[in-house]
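Notes to accompany the following structure.
FYI, it's all coordinate maths here, none of it is from the lab. Being a predicted model, the structure only gives us computed values, none of them experimental. Cβ sites come from the backbone with ideal geometry, for glycine too, and all protein chains shown count toward neighbours.
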Amino acid sequence: MSAVSAVLEDTNDIVLPEQAAAPGAGSASFTLKAILAIVAWGILGALTLFWPNKPAGFAEWTYTTEFGVAAFVIAGLWAGIVGVTRQGFLPRVGAIFQHAAPWLIASALMLTLWEVVTAKTGLLPPPFFAPPSSLIEVYITDWPRLSDSAFNTLKLLSEGVCWGGVVGFLIGLSIGWSKAIGYWVHPVLRVIGPLPPTALLPLAFYFFPSSHSASVFLIALATSFPVAILTWSGIAGVNKSYYDVARTMGASEWFLILRVAIPAALPQVFVGLFMGLGASFVVLVTAEMMGVKSGLGWYLTWAQGWASYTNMYAALIVMAVIFSSVISLLFFVRDRVLVWQKGTVKW
C-alpha cells in the first residue's frame, strides 16, 4: 500500500475538536438534550394533531394529520437511537446525534412556531404564508415536476461550474506563471470580471443558440472570475525557495508548474471555487427564471404565476438542500485533496 493510501485511510480516524471535547453519549448532558429533543418533536406532533386549523378561505391544509404523525415518528426514532447508544452500541452514531441534538431541538421549535402562526392562528395570512404541513402535499402530489426541475437545475449547475472552474483555473495559472500573459489578460479581468453576469443576460440570449447554452455561459462566467483571481494569487504567492530547490535537482518547467506551483496554490484555488459556487447559485436561479424550460428557478416563476406559494416554499427548501449538498461535497473533495495539509489550513 502506498504512503498516500495510508494517509487517506488514517483520515477516517480523525476526530473533530468539538467532538473530542464533547461529553460521551451516556453523559447527563446528552441525556438532557435527548429528552428535550424527544419532547419538542412530541409537542409538535400533538399540537398539529389536536389543535384544529383556523379556517383560511380557499386554502385548505389537507396533510395536517400526516405531518403530526411524522413528528411523532421522528420523536420515536430519536428515542430509539438514544436508547441504543445509551447501551454502548454504535458509539459513532451516538456522537453524531449528540452533536446534532441542539439542532433537532431548534428545528422542532421553529416548525412548531411556523405551524402556530400559519395554520393554527392565521397570524400570517394565506395564501402568502403556508404551514409546514402543507409542504407534504407538494412533495407527494407534485414530485414528478419538482424532481425533474431539481435534476435539470443540478445538470445546468454542474455544466456551468465545471466549465467556469476549468477556464478560471487555466486563466489564473497562466497569468500567475507568465508575466507576458498577465500583461494582456490581467487588465481584461479587471474590467470584465467585476461586471455582474446577470447584466449580460440580453447579450447571452442573443449570441447563444439556446437558453440552455446561454445559461451555462453565464454560470461559467460567474464561477470563473473568483477562481481565476484566487488561482493567480495562489500561484504568485508560492515561496520562491520551492522553485530554487526543485531547479537544483534538475526539475523542468512543467515539473515546476505541475508538482510545485499547483499543489502549493490549491488552498487558494478551493477558496475561489467556494466563492464561485456562491456566485453561480445566484446566476443559476436568475437564468432559469429568464429562459430555460425546466429547473427550480423556472419552477419558482411558475408557482408565483399561479399564486401557488406552497409550491414556491417547497421548491425553496429543495433548492437549499441541493446547494448545501453541493457545498458539502466540495468540502469533502477539499479535505481529501488537501489531506497532506491537515492542520495547516484552517476553515
query = What order do you get for GLU159, GLU137, GLU253, GLU288 when you list them from fewest to most C-beta neighbours inside 10 Å?
reply = GLU253, GLU159, GLU137, GLU288
request  = Quick one: what are the phi-derived ³J(HN,Hα) couplings along the range 189-205, Karplus 6.51/-1.76/1.60 with θ = phi - 60°, whole Hz, x for glycine and proline?
outcome  = 4, 5, 8, 7, x, x, 5, x, x, 5, 5, 9, 3, x, 5, 5, 6
note = Mean separation of Cα contacts under 8 Å (at least 6 apart) over the residue count of the range 196-325, i.e. the relative contact order in percent, is 27 percent
note = Semi-axes of the range 143-341 from the Cα gyration tensor (sqrt of 5 times each eigenvalue, largest first, whole Å) come to 38, 19, 11
note = Taking only Cα atoms of the range 246-327, the Rg to Rh ratio with Kirkwood Rh works out at 1.33
query = What is the gain in length, in nm to one decimal, between SER107 and CYS162 on full extension, counting 0.36 nm per residue of separation less the C-alpha to C-alpha distance?
reply = 16.4 nm
query = Short version: ³J(HN,Hα) in whole Hz for each residue of the range 112-121, in order, from phi by Karplus 6.51 cos²θ - 1.76 cosθ + 1.60 (θ = phi - 60°), x for Gly and Pro, what are they?
reply = 5, 4, 4, 5, 5, 7, 10, 6, 8, 10
message = Can you work out the Karplus-derived ³J(HN,Hα) for every residue in the range 243-252? Use 6.51 cos²θ - 1.76 cosθ + 1.60 with θ = phi - 60°, whole Hz, and x for glycine or proline.
response = 5, 5, 5, 5, 5, 5, 9, x, 5, 7
inquiry  = Which one, LEU113, VAL166, GLY182, is farthest towards the positive end of the dipole of the range 85-239 when Lys and Arg carry +1 and Asp and Glu -1 on their Cβ?
reply    = GLY182
task = Pull out the extension gain between VAL245 and SER178, defined as 0.36 nm times the separation in residues minus the alpha carbon to alpha carbon distance; nm, one decimal.
result = 22.1 nm
